[in-house]
Amino acid sequence: MRLAIARLLSAAVVVLGVSAAVFLLVHLVPGDPIDALLGEAAANADRGALRQALGLDAPLAVQWWRFVSAAATGDLGTSLGTGRLVAALLAERLPYTAALALAALAVALAIAFPLGTLAALRAGGVLDALAGTASMLGAALPNFLLGPIFIIVFALWLGWFPIGGAEGPRAIVLPALTLGSGLAALLARMIRAALLEVLAEEHVRAARARGLGPLAILRHHVFPPAALPILTVVGAQLGALLGGAVITETVFGWPGLGQLAVEAIQRRDYPLVQGTVLVISVSYVVLNTLVDLLYARLDPRLENDAG
Amino acid sequence: MRARPRAGTVLCAAIAGGWLAIALLGPWLPLAPTAVDLYALFAGPTLAEPLGRDDLGRSILARLLAGAHDSVLVALLVVAFSALFGTTFGMLIAWRGGLVDLIGMRVMDTFLAFPGILLAIGLSGMLGPGLGNVVIALSAMSWVGFARLARVQTLAMKTRDHVMVARALGTTDAAILRRHVLPLIAAPLLVEATFALAGVVLAEAGLSYLGLGAQPPAPSWGMMIRDASQFLLVAPHMVVGPGLALLSFVVAVNALGDGLRDRWQVQR
């Protein structure tokens, strides 16, 4: 319980820090944001009016507090380009990013588990070397390179899936494969390492000596103790997943938060950039906190030593 | 992972070193990366032009070699800034301890809360395109890795006998950190720097893929991949060169990192 409260508190501090950073982002825009919005030739009266409307005349700390308290009630301002509420735009796109991230995670686990397990069982063999090479390549292939390769092969040559967009259930396959493969490469390495560690332990040797079959040993003696470190790795990679979604969504024209962020940057729609970056980062903090809490729940030792 | 055969590490070092040499010599190589040939739009690979030509008839090989300059040098700069700032930050907060350490850790947590390259995307989006801004944006993303590592390592060194003795003898904090702590924590930091180099090259390519990095007509690997992906139907050959360049550099540098890690027995 103490651990959970400490974890929630530190998450709250981080969320405040993130809000400050995101708030300051807009103040990094070179020159006066008013110039950027209205152009340098705008009349002074218009500039003053806009400055007041945007609250830019108040001290920085006050502006930040307004930003945070408004954001807490779901008010993230109005998109400059479309005139729509930022929160409404985000709400439209969020389900797409969530679906893509989940599908990519499923792809990653579906590839990494068998690959990592086989590599660990046949450590040093041909299969291990192949899996190692595959995961090395997978870690080095960026989404914006893998995506086009998948498009050429599976959309243009074979015609199995659409080139992009989000029409129909098939559209998610290629983006999820793209986003999931990089993660799969990393996970396979980690799963291999975690399993190797457990395989070397005495209780596994004892089980082998008792004449248990390899599958039973894996199920009862290897996977359960390896599950925790693997969960940690999955949690740590959620960030790469969400960050990678930004580029993957752009490659495939998948209408999620990442694509929205890139569009907002290209249109210099500052409130929308703030909103998307804030929402993606805060979701990441929330997910990470959940993984940590889950971890503490699964590993009773943590609850006792937590300082 | 298991120790790789030495031959592999040597090969990877040669590939990474080759790209580094091309990056450094780039501006003096007799290349014409922006020369347009309107009679050779999308020309496929030939003996004279092994990687073919792009949508403006420019030589993909020339653009690739010239682009190495920006991609690799930006990455080296970013890693240098990040290592310098991150290491100093991490060592100092660990050495001071207490409230300073606590605040420093929350600052690091805040930077880590931005998933992947999102912070770099947001920053360079706000700062505007251009290589200088790319360096700032990517450094803001990568310094934390060094800071975290330097902090943990310094904490472990703080209570070592030789450090305590130096302290008791009245050596200044700066001298202790520089002479008695830094040399002992340099190996893991160098390994981190190697992996960071690969990560930053990828991130830089990602930013230029999004149009936030180098600006046309300057060649950069990420932008070449973006251009290529618009013409996948017409000229799939356009993606091969920049794709392989990026891949070979990143794989080689990562393998080099693995090699160094095994050799120095650094745990990650």
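Looking only at residues that are more than 14 Å from every other protein chain (Cβ to nearest Cβ) and open to solvent by less than 30 Å² (accessible area, probe 1.4 Å) in the stretch A:108-121, which one is nearest to residue A:244 (Cα to Cα)?
A:108
Within the stretch B:182-207, work out how many residues are open to solvent by less than 20 Å² (accessible area, probe 1.4 Å) and within 10 Å of chain A (Cβ to nearest Cβ).
Residues in the stretch B:182-207 being open to solvent by less than 20 Å² (accessible area, probe 1.4 Å) and within 10 Å of chain A (Cβ to nearest Cβ): 6 in total.
Within the stretch B:166-268, considering only helices (runs of 4 or more DSSP H) that don't extend past its boundaries, which have at least 3 residues that are within 14 Å of the chain's Cα centre (by Cα) and not aromatic (Phe, Trp, Tyr)?
Per the criteria, B:182-209, B:240-264.
Taking the stated definitions as given, is residue A:107 of a type in the set (Val, Ile, Thr), modelled with pLDDT of 80 or more and farther than 30 Å from residue A:13 by Cβ?
yes
Okay, residues lined up against (1) within 11 Å of another protein chain (Cβ to nearest Cβ); (2) in a helix (DSSP H, G or I); (3) in contact with a Lys or Arg (Cβ under 7 Å, 6 or more places away or on another chain):
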position: A:219; (1), (2), (3): no, yes, no
position: A:223; (1), (2), (3): no, yes, no
position: A:236; (1), (2), (3): yes, yes, no
position: A:240; (1), (2), (3): yes, yes, no
position: A:261; (1), (2), (3): yes, yes, no
position: A:265; (1), (2), (3): yes, yes, no
position: A:268; (1), (2), (3): yes, no, no
position: A:274; (1), (2), (3): yes, yes, no
position: A:280; (1), (2), (3): yes, yes, no
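Quick one: which residue in A:66, A:93 is within 30 Å of residue B:201 (Cβ to Cβ), open to solvent by 30 Å² or more (accessible area, probe 1.4 Å) and of a type in the set (D, E, K, R)?
Values: A:66 fails: within 30 Å of residue B:201 (Cβ to Cβ).
When all the criteria are applied, what remains is A:93.
Among the numbered conditions (1) within 13 Å of chain B (Cβ to nearest Cβ); (2) closer than 26 Å to residue B:256 by Cα, tell me where residue A:151 comes up short.
(2)
Filter the stretch B:209-234 down to residues that are open to solvent by less than 10 Å² (accessible area, probe 1.4 Å) and more than 11 Å from chain A (Cβ to nearest Cβ) and give me whichever is farthest from residue B:58 (Cα to Cα).
Among residues in the stretch B:209-234 that are open to solvent by less than 10 Å² (accessible area, probe 1.4 Å) and more than 11 Å from chain A (Cβ to nearest Cβ), the one farthest from residue B:58 (Cα to Cα) is B:213.
For residue A:77, work out the one condition from (1) over 30 Å from residue A:299 (Cα atoms); (2) without any contact (Cβ under 8 Å) to a residue 40 or more places away in the chain; (3) open to solvent by less than 30 Å² (accessible area, probe 1.4 Å) it doesn't fulfil.
(2)
Does the stretch B:39-61 contain any residue that is assigned to a helix (DSSP H, G or I), more than 14 Å from chain A (Cβ to nearest Cβ), among the basic types (Lys, Arg) and out of contact with any Gly (no Cβ under 6 Å at 6 or more places or on another chain)? Walk me through it before giving the result.
Quick first cut of the stretch B:39-61, residues assigned to a helix (DSSP H, G or I) only: B:60-61.
Still in the list and also more than 14 Å from chain A (Cβ to nearest Cβ): B:60-61.
Next, only the ones that are among the basic types (Lys, Arg) stay: none.
No.
What number of residues within the stretch A:37-72 satisfy the criterion of being modelled with pLDDT of 75 or more and among the charged types (D, E, K, R)?
The number of residues fulfilling the criteria is 4.
Okay, residues lined up against (1) outside the structural domain of residue A:232 (by TED's automatic domain parsing); (2) open to solvent by 20 Å² or more (accessible area, probe 1.4 Å); (3) part of a loop (DSSP other than H, G, I, E, B); (4) in contact with a strand residue (DSSP E or B) (Cβ under 6 Å, 6 or more places away or on another chain):
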| residue | (1), (2), (3), (4) |
| --- | --- |
| A:123 | no, yes, yes, no |
| A:133 | no, yes, no, no |
| A:174 | no, no, no, no |
| A:177 | no, yes, no, no |
| A:187 | no, no, no, no |
| A:195 | no, no, no, no |
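Considering only the stretch A:5-23, how many residues are closer than 13 Å to residue A:286 by Cα and not β-branched (Val, Ile, Thr)?
The number of residues fulfilling the criteria is 7.
The values are calculated or read from the model by the stated rules, or taken from the named source; none is laboratory data. Quick caveat, the model's predicted, so the values are computed rather than measured. We place every Cβ from the backbone using ideal geometry, glycine too, and count neighbours over all the protein chains shown. Note: accessible area is taken over every heavy atom of the protein model, side chains too, but ligands, DNA and RNA are not part of it. Shrake-Rupley method; radii C 1.70, N 1.55, O 1.52, S 1.80 Å.
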